[in-house]
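Quick notes on the structure that follows.
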Amino acid sequence: RLTHDDPGVDDIEEENMFLWEINNINPKNMKRTIDPTKGSVLGRYNCYRIVLSPIESEDDHKIIKCIRQYGLKILNEKISHMVYEEVDTDKTADHNLLKDWSNGYDKELSDLPFSLRYMLHSLVSCFGLTIENAESARKICEILQKFRSSNHHHIPHQILRYIFFSRNIMVRSTKFLFDKLEKAKAISGSYFHSIMPENVSDRCLTRSVLITPTRICPQPPEYDATNRILRQFNDLDRFVRVHFVEEEFGKLFSVGNEDVIETRVRSIMHNGIYIAGTHFVFLAYSNSQLRQNSCWFYNETSSKTAEYIRESLGNLKKIKTVGKHAARIGQAFSATTDTVDIPQHRQRIIPDVERNGYIFSDGVGMISKKIAEDISRYLGLKTIVSAFQIRFGGAKGVVSVAPDGIL
């Protein structure tokens, strides 16, 4: 049980007192409930003190066994009681807990560009880097700023990425980061460039954020297929792909997680999230993302809001069904490869093939041999493709090369 031992703090109501309720001291009967802390800050730390009643009965030992089965290390079983201390939001007036990503040193790191703040946030969130104090934060900012005006501006990303994927616990200290950055000019950029595919014409560097019931975990950028919106607005720092997952990063199922869905997921979808101090709001999702509990979020500007982007896709106001409306928007977010432009005078709408009340050409169209040759040549293919899966002007489906004389 998570409790207060401060006599000046009122007791928490029974239903909000537990992070997990233990029923019959059986891990299979443990019930997930919401984060009871102010500002939902429970997942921001990697060290907790849990206070149990004096370990005397057989049930007490079962609780200890249960805790071990969940991967928690017991440092001292002789403690007679266990304390849960609330975070006092009044003492953090200089920064909003929802925005805080560096454990209180956002101000010292605010001059860094978003790309570097994002990587630092990813390290802090996975406990790959611990910023000990304000002086360390200022030193990190000072060193990283020096690389921005040099020919080695890619090296900080390289080092921060290395720390993220390292399994050595020693890299968690800022001293390791300082040492690496000081020696950085002697390091080649081969590692950083090795993550870049040879042909990136149809790919871009995208950022993914894993959201668990208690944590926000930005992941290092990776090259992935582009879509129409990313190509059209061409400001990748403003787009992130969000995945709702379990604490161990597995798929988040709705069954048994009603409280998590209702509070955590709904709140983020309505209010957005802060990543490295930058606010992102829900934008849209593709059909494949919907199956993966994933969607796109966007950092709005005064002139380009999420609603502005959705309206730029066309007039969809006549579609009243929520699912169908979202599916039409999602077409623009499907992973696609940009090829050739088709001018207006080379487009034609043809009637469907209907027989006995059935439509035999739903999602099927034709393409001229000349345009098929242009696309195949653009993609660097050795042969002319005879059929293409397309997304075109709000339509989707398959087009095949028409016989001579038809188009």
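Residue by residue, here is whether (1) open to solvent by less than 90 Å² (accessible area, probe 1.4 Å); (2) modelled with pLDDT of 90 or more holds:
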site: PRO343; (1), (2): yes, no
site: ARG355; (1), (2): no, yes
site: ILE367; (1), (2): yes, yes
site: SER376; (1), (2): yes, yes
site: SER386; (1), (2): yes, yes
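Considering the stretch 267-326, and only residues there that are touching a Cys at 6+ places or on another chain (Cβ under 8 Å) and of a type outside the set (A, V, I, L, M, F, W, C), the residue that is nearest to LEU252 (Cα to Cα) turns out to be GLN289. Selection of first residues in the stretch 366-392 that are without any contact (Cβ under 8 Å) to a residue 60 or more places away in the chain and more than 30 Å from VAL353 (Cα to Cα) and of second residues that are open to solvent by less than 80 Å² (accessible area, probe 1.4 Å) and aliphatic (A, V, I, L, M), restricted to Cβ pairs under 6 Å at least 6 apart or on distinct chains, gives the following pairs, ordered by first then second residue: TYR378/VAL340.
Of everything listed in (1) among the hydrophobic types (A, V, I, L, M, F, W, C); (2) loosely packed, with under 13 Cβ neighbours inside 10 Å; (3) modelled with pLDDT under 85; (4) more than 38 Å from the chain's Cα centre (by Cα), the single unmet condition for LEU407 is (2). Screening GLY314 with (1) over 26 Å from LEU116 (Cβ atoms); (2) out of contact with any Gly (no Cβ under 7 Å at 6 or more places or on another chain) gives one miss only, at (2).
LEU230 - would you say it is hydrophobic (A, V, I, L, M, F, W, C) and in a helix (DSSP H, G or I)? Spelling it out, LEU230 is indeed hydrophobic (A, V, I, L, M, F, W, C) and in a helix (DSSP H, G or I).
If THR301 meets every condition in (1) of a type in the set (Val, Ile, Thr); (2) within 20 Å of ASN271 (Cβ to Cβ); (3) surrounded by 17 or more Cβ atoms within 10 Å (Cβ to Cβ) apart from one, which number is that one? Among (1) of a type in the set (Val, Ile, Thr); (2) within 20 Å of ASN271 (Cβ to Cβ); (3) surrounded by 17 or more Cβ atoms within 10 Å (Cβ to Cβ), the lone unmet condition for THR301 is (3).
The residues listed here are GLY330, GLY363; of these, the one that is in contact with a Phe, Trp or Tyr (Cβ under 8 Å, 6 or more places away or on another chain), under 26 Å from GLN289 (Cα atoms) and modelled with pLDDT under 90 is GLY330. In the stretch 250-291, the residue that is most open to solvent (accessible area, probe 1.4 Å) out of those that are in a loop (DSSP other than H, G, I, E, B), without any contact (Cβ under 8 Å) to a residue 40 or more places away in the chain and of a type in the set (Gly, Ala, Ser) is SER254. Is there any pair with a first residue in the stretch 313-329 that is over 18 Å from ASN287 (Cα atoms) and assigned to a loop (DSSP other than H, G, I, E, B) and a second that is open to solvent by 40 Å² or more (accessible area, probe 1.4 Å) and not hydroxyl-bearing (Ser, Thr, Tyr) whose Cβ atoms are under 6 Å apart and which are 6 or more apart or on different chains, and what are they? Pairs that qualify, where the first residue is over 18 Å from ASN287 (Cα atoms) and assigned to a loop (DSSP other than H, G, I, E, B) and the partner is open to solvent by 40 Å² or more (accessible area, probe 1.4 Å) and not hydroxyl-bearing (Ser, Thr, Tyr), are GLY314/GLY394. Of the numbered criteria (1) part of a helix (DSSP H, G or I); (2) on the phi > 0 side of the Ramachandran plot, the one GLY380 fails is (1).
Mind listing just one residue for me: the one in the stretch 383-404 that is in a loop (DSSP other than H, G, I, E, B) and within 26 Å of LYS324 (Cβ to Cβ) and, of those, nearest to the chain's Cα centre (by Cα)? It would help to see each step written out before you state the result.
So the first thing to find is which residues in the stretch 383-404 are in a loop (DSSP other than H, G, I, E, B), and the list is 383-386, 393-394, 402-404.
Filter once more, keeping what is within 26 Å of LYS324 (Cβ to Cβ): 393-394.
On the way: GLY393: 28, GLY394: 27 Å.
By that ranking, first place goes to GLY394.
Within the stretch 111-127, the set of residues being surrounded by fewer than 16 Cβ atoms within 10 Å (Cβ to Cβ) and at pLDDT 90 or above comprises ASP111, PRO113.
Per this entry, ASN234 is counted among residues that are at positive phi, at pLDDT 75 or above and surrounded by fewer than 18 Cβ atoms within 10 Å (Cβ to Cβ).
The values are calculated or read from the model by the stated rules, or taken from the named source; none is laboratory data. Because the structure is a prediction, the values reported are computed rather than measured. Neighbour counts are summed over all protein chains in view; Cβ atoms, including those assigned to glycine, are modelled from backbone coordinates with ideal geometry. The accessibility values were calculated without ligands, DNA or RNA, using every heavy atom of the protein model including side chains. Shrake-Rupley method; radii C 1.70, N 1.55, O 1.52, S 1.80 Å.
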